[in-house]
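Comments concern the structure below.
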Amino acid sequence: ADEFDDLEAMVQAPGDAFRLSAGALREAMDEDRDLRHLLLRYALAHHGQVVRSGACNGRHGINECLARWLLMAHDRAEGDEFPMTHEFLSMMLGVRRAGVTVAARMLKAQFIRYERGRMEVTDRPGLESASCECYGIQRRALDRLVGKSRLSHPR
């Protein structure tokens, strides 16, 4: 049995996803110093994102948190449009789906377009202004630790 059988991975967007055993990852990291350093920096950035997301979800209103989450998704998308459901957003933000619907309607009036399961960012600077400061803090940390072009599209 794998040592991480209790974890579930979720692919949020279309594309390829790979699963690698912990042993194979350790072996690759032992063989490639640059890979090890990149993955350790990514782990640090991801840990910071998880911590900040939890704090943000508890501290800021749903509108700001939704804007933050959509900006993070937009960073990782291949364009301005990407798959995203209210159900998934409610799970990630720890709020009821109805709350996401109300917040998304407010953002839709100015910064996004959405249809069933699809979001499109139409005004990124506006969406950034609707987000709390947590997005910028996390984005700068990711850029500093991993590099601007590695995991997110430069905006």
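Brief remarks follow.
- The relative contact order of the chain, computed from alpha carbon pairs under 8 Å that lie at least 6 residues apart in sequence, is 28 percent.
- DSSP-loop trypsin sites (Lys or Arg not before Pro) across region 47-106, with at most 16 other Cβ within 10 angstrom: ARG96
- With all protein chains in place and ligands, DNA and RNA left out, the 1.4 Å accessible area ranks VAL95, VAL121, VAL51 as VAL51, VAL95, VAL121, largest first.
- For the chain, adding -39500 (n - 2.57) for each run of n ≥ 4 DSSP H residues and dividing by the number of residues yields -19500 deg cm²/dmol at 222 nm.
- A DSSP coil position with no more than 16 other Cβ atoms inside 10 Å describes the following chymotrypsin sites (Phe, Trp or Tyr not before Pro) in region 1-89: PHE4, PHE18.
- Helix 62-76 and the longest principal axis of the Cα set of the chain meet at an angle near 50°.
- Angle between the chain longest axis and helix 22-31 axis [Cα atoms, degrees, rounded to 10]: 70 degrees
- Heavy-atom accessible surface of the chain: percent carbon and sulfur, 1.4 Å: 53 percent
- Positive contributions from Lys and Arg (+1) and negative ones from Asp and Glu (-1), summed over other residues with Cβ under 12 Å from the Cβ of MET119, come out at 0.
- Region 28-146 - Kirkwood radius from inverse mean 1/r over Cα pairs (Å): 15.1 Å
- The mean accessible area for residues of region 1-70, using a 1.4 Å probe and ignoring ligands and nucleic acids, is 75 Å² per residue.
- Taking SER21, SER53, SER131 in turn, the Gaussian network model of the chain (Cα-Cα springs below 10 Å) assigns the largest fluctuation to SER21.
- Among ALA43, ALA130, ALA73, the largest mean-square fluctuation in a Gaussian network model of the chain, built with springs joining Cα atoms closer than 10 Å, belongs to ALA43.
The values are calculated or read from the model by the stated rules, or taken from the named source; none is laboratory data. Since the structure is predicted, the reported quantities are computational estimates derived from the model, not experimental observations. Every residue, glycine among them, receives a Cβ derived from its backbone with ideal geometry; neighbour counts consider all protein chains shown. Calculation scope for accessible area: heavy atoms of the full protein, side chains included, ligands and nucleic acids excluded. Shrake-Rupley method; radii C 1.70, N 1.55, O 1.52, S 1.80 Å.
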